[in-house]
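Only one structure is covered here, and it is reproduced in the block below.
The values are calculated or read from the model by the stated rules, or taken from the named source; none is laboratory data. Quick caveat, the model's predicted, so the values are computed rather than measured. No Cβ is skipped: glycine too gets one built from the backbone with ideal geometry, and neighbour counts run over all protein chains shown. With ligands, DNA and RNA removed, areas are computed over all heavy atoms of the protein, side chains included. Shrake-Rupley method; radii C 1.70, N 1.55, O 1.52, S 1.80 Å.
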Amino acid sequence: MCSTVRRRTPLWSVPVLWTVALGLWGLSRQDSVWRDEAATWQVARRSTADILRMLEHVDVVHGLYYLLMHGLFGCFGASTTTLRLPSVLAVAAAAGCVAALGHRLAGAWAGLGGGLVLGLLPAVQFHLQEGRPYALVAAGAGIATLLLVGALQGRAGPARWAAYGAAVAVCGLLNWLSLLMLPAHLATLLWVRPQRRLWACWAAASAAAAAAVLPLVLASRSQSGQVSWIPPLTWHMMIGPAVLLAIGAVGALADRPRPGRLSAASVGLPLLAVPHLGLIGLSLVRPLFVDRYVLFSLLGLALLIGAALGALVRAAAPRFPRAAPWLVPVLVAAAVLALLPQSLAKRSPASRVDDVLAVAAQVRRVKQPGDAVLYIPAARRDTGLVSPDAVAGLRDVALARSPEESATLKGEEAGPDRIRAAMLAQRRILLVTDAQQVARPVAGARDKVKAAVLEEHFTAVADHQVRGRRVTVYERLPAPR
């Protein structure tokens, strides 16, 4: 069966088409956009000059991605399809790379199984339809690993090493923590023990890529406050990586790795383990442990699962020659059915903490001429930035300088005294904040003043909780006689 498929079409094309189909399924998530994607959306709609000015103050680590999405929004318009389709295509490319790697290292069934499995992994399904750069990093890591394996198999040349360095550099510019793939590739080289010439070529390409990313790493240090929300590393945070490593180890054993031999295990296990261990090590110095930062490492897991499936087919073939070719399709179908509830959940608005478009629609429904709007915290201003028509006609009483003017994500708010005076001049205020189940205690002098003035001088006349956010309509209390 597999040989017939190979004669008709390239093996990698099957996982690519499969992953594209998974990505297009429920792509709009019922026309919902959550807060992380809202950042992409509102920045991508700015001019190139405004984006570059903003990167001097915030989110420089995502600068290349924002510029890419700015170009796509300019060509195809702002929509959930434009926002998420690059991630779909990127994961599809990564699946094709896994298939090609598995085919080269462990046979056709390993390649087909690994490529099909990648898009089913729960974390990958989440980012398959996410308007953020992590899927693109996974594609770049897949390309870089495929180029490295080709070089180790004797297809080394200056063009290949230049492409390898370029792929690693682009990944690093999309998320500099993706440079953790370099020690993973180093572990593969240590296992395979290639000739000195290959060592020198890899070291030169890796050094050039790291040098290209170094300015971004240094620039991001001045913006390290953006990751202050990440909690310190705890033991329970390592349960997930431990499970992934255990599954990967089983796949590696099925591949029967031997020192000095290039195999799925010698490529996949370092790619899975080293980035996770490296991120854990960095998190001991500064809290950075967020699994999406090393999403690309799951290519190693998919490769190892594919190797295990290939070994299973080879073991079954002598006794069950007719049934063996159906093992991979049947097991993949069983995985699809087992993961169907989670797959459906990932494609619903409830899979994210909030929905910016839903709360914007609610604002549009309840606003009246002359109303003001207030955001607690100020980051919830993304509601109006993503859907400016929803807040058209509303006065943002706390805003002193717009996000474009202040070169920030959420704008620059006035001082507490000016916010208080502006609020007391209003008859009705629409408060946009987080829903009760996800809200944090009010912090900061400005937000405390907002909350205090609303409590003392206004009364809530309507309250709507919509997909993780809340719109409360306040009316001014009568002045005491």
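Here is a yes/no grid of residues against (1) open to solvent by 30 Å² or more (accessible area, probe 1.4 Å); (2) not hydrophobic (A, V, I, L, M, F, W, C):
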{"position": "G384", "(1), (2)": "no, yes"}
{"position": "A392", "(1), (2)": "yes, no"}
{"position": "D396", "(1), (2)": "yes, yes"}
{"position": "R401", "(1), (2)": "yes, yes"}
{"position": "S406", "(1), (2)": "no, yes"}
{"position": "L409", "(1), (2)": "yes, no"}
{"position": "A414", "(1), (2)": "no, no"}
{"position": "R418", "(1), (2)": "yes, yes"}
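Note on the range 351-373: among residues that are aliphatic (A, V, I, L, M) and open to solvent by 20 Å² or more (accessible area, probe 1.4 Å), the one that is nearest to V461 (Cα to Cα) is V366. Consider the range 284-306 and keep the residues that are of a type outside the set (A, V, I, L, M, F, W, C) and over 18 Å from C97 (Cβ atoms). The one that is least open to solvent (accessible area, probe 1.4 Å) is Y293.
Cβ-Cβ contacts under 7 Å between residues 6 or more apart (or on different chains), taken from a first residue in the range 239-261 that is open to solvent by 60 Å² or more (accessible area, probe 1.4 Å) to a second residue that is part of a helix (DSSP H, G or I) and at pLDDT 95 or above, are listed as I247/L301; V250/A308; P259/W191.
Among the residues here, S266 does not qualify as modelled with pLDDT of 95 or more, open to solvent by less than 50 Å² (accessible area, probe 1.4 Å) and within 30 Å of T408 (Cα to Cα). For the range 106-121: of the residues being open to solvent by 20 Å² or more (accessible area, probe 1.4 Å) and over 25 Å from the mean Cα position of the chain (by Cα), which is nearest to V91 (Cα to Cα)? Here the answer is W109. The set of residues in the range 439-459 being in a loop (DSSP other than H, G, I, E, B), among the hydrophobic types (A, V, I, L, M, F, W, C) and surrounded by 12 or more Cβ atoms within 10 Å (Cβ to Cβ) consists of A439, V442. Tell me which residues, restricted to the range 307-350, are open to solvent by 40 Å² or more (accessible area, probe 1.4 Å), touching a residue at least 12 places away in the same chain (Cβ under 8 Å) and part of a loop (DSSP other than H, G, I, E, B). Answer for the range 307-350, where residues must be open to solvent by 40 Å² or more (accessible area, probe 1.4 Å), touching a residue at least 12 places away in the same chain (Cβ under 8 Å) and part of a loop (DSSP other than H, G, I, E, B): just L339. Here L89, L83, L136 are screened, and the one residue that is in a helix (DSSP H, G or I) and either over 24 Å from A166 (Cα atoms) or at pLDDT below 95 (or both) is L83. For the range 151-163, the criterion of being within 25 Å of W25 (Cα to Cα) and either at pLDDT below 95 or surrounded by fewer than 24 Cβ atoms within 10 Å (Cβ to Cβ) (or both) is met by no residue.
Within the range 3-40, work out how many residues are over 14 Å from A100 (Cα atoms), of a type in the set (A, V, I, L, M, F, W, C) and at pLDDT below 95. Count: 1. Annotation note: of P287, P270, the sole residue that is touching a residue at least 60 places away in the same chain (Cβ under 8 Å), under 26 Å from V170 (Cα atoms) and not in a helix (DSSP H, G or I) is P287.
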